[in-house]
Amino acid sequence: MPDMLVKLYNLPDPGPLLERLRTEGIQIKRAMTADKSRVVDFVAANFTANWTNECESTFARLPVNTFIAVKEKRIIGFASYDAIVRNYFGPTGVLPECRGMGVGQALLLQTMHAMHHDGYSYCIIGWVTEALAFYEKAVGAVAIPDSFPGGYKDLIDLG
């Protein structure tokens, strides 16, 4: 479960992917404070309590550090940053029935571009389990040796 490192100054252009998703009725947008209960409830219903807490913390900033994927006024995915520690991407998740459509990649790219716009040159993707190949391909991420538990080392329970 290593952390991964991404160069934010060398990211792919998300434009073509975002346009394709728009034609399929999927919008990727930065969440607003008025979206908080809907987004946090979505994460709580579909993912872990830790992810819910982390996502909720991003609504304490303006602009909010969470992006969401919306289809037919329904949230289908999310991606947050600066939630556990600064300069960390995640948590992120997409509903199982919406995976493989490019939604996760679009959320990743929008979030990474926002982080670069915020002044970061590099980003840490924390505690990567099954998505190593996805992050390598999507944004050129590389595993950081001996990095677990990284920014999560002070959690009460790493389980």
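The values are calculated or read from the model by the stated rules, or taken from the named source; none is laboratory data. Because the structure is predicted, anything quoted here is derived from the model rather than measured. Neighbour counts run over all protein chains shown; Cβ positions are idealised from the backbone, glycine included. Please note that ligands, DNA and RNA were not included when accessible areas were found on the heavy atoms of the full protein model with its side chains. Shrake-Rupley method; radii C 1.70, N 1.55, O 1.52, S 1.80 Å.
Being open to solvent by less than 70 Å² (accessible area, probe 1.4 Å) and more than 15 Å from P2 (Cβ to Cβ): is that true of G140 here? Against the criterion (open to solvent by less than 70 Å² (accessible area, probe 1.4 Å) and more than 15 Å from P2 (Cβ to Cβ)), G140 qualifies. When L108 is tested against (1) open to solvent by less than 10 Å² (accessible area, probe 1.4 Å); (2) in contact (Cβ under 8 Å) with a residue 60 or more places away in the chain; (3) not polar (S, T, N, Q), just one condition goes unmet, and that condition is (2). Just one residue in the set A138, A143, A69, A83 is outside any helix (DSSP H, G or I) and closer than 16 Å to L18 by Cα; that residue is A69. Against the test of being within 25 Å of I124 (Cα to Cα), out of contact with any His (no Cβ under 8 Å at 6 or more places or on another chain) and without any contact (Cβ under 8 Å) to a residue 24 or more places away in the chain, the options R74, R61, R22 yield a single qualifying residue, R61.
For the range 41-66, filtered to residues that are β-branched (V, I, T) and outside any helix (DSSP H, G or I), the residue that is farthest from L155 (Cα to Cα) is V64.
For the range 143-159, taking the residues that are out of contact with any Asp or Glu (no Cβ under 8 Å at 6 or more places or on another chain) and under 17 Å from T48 (Cβ atoms), the one that is most open to solvent (accessible area, probe 1.4 Å) is identified as I156.
The set of residues in the range 22-69 being under 12 Å from the mean Cα position of the chain (by Cα), of a type outside the set (A, V, I, L, M), open to solvent by less than 40 Å² (accessible area, probe 1.4 Å) and within 23 Å of G102 (Cα to Cα) consists of C55, N65, T66, F67.
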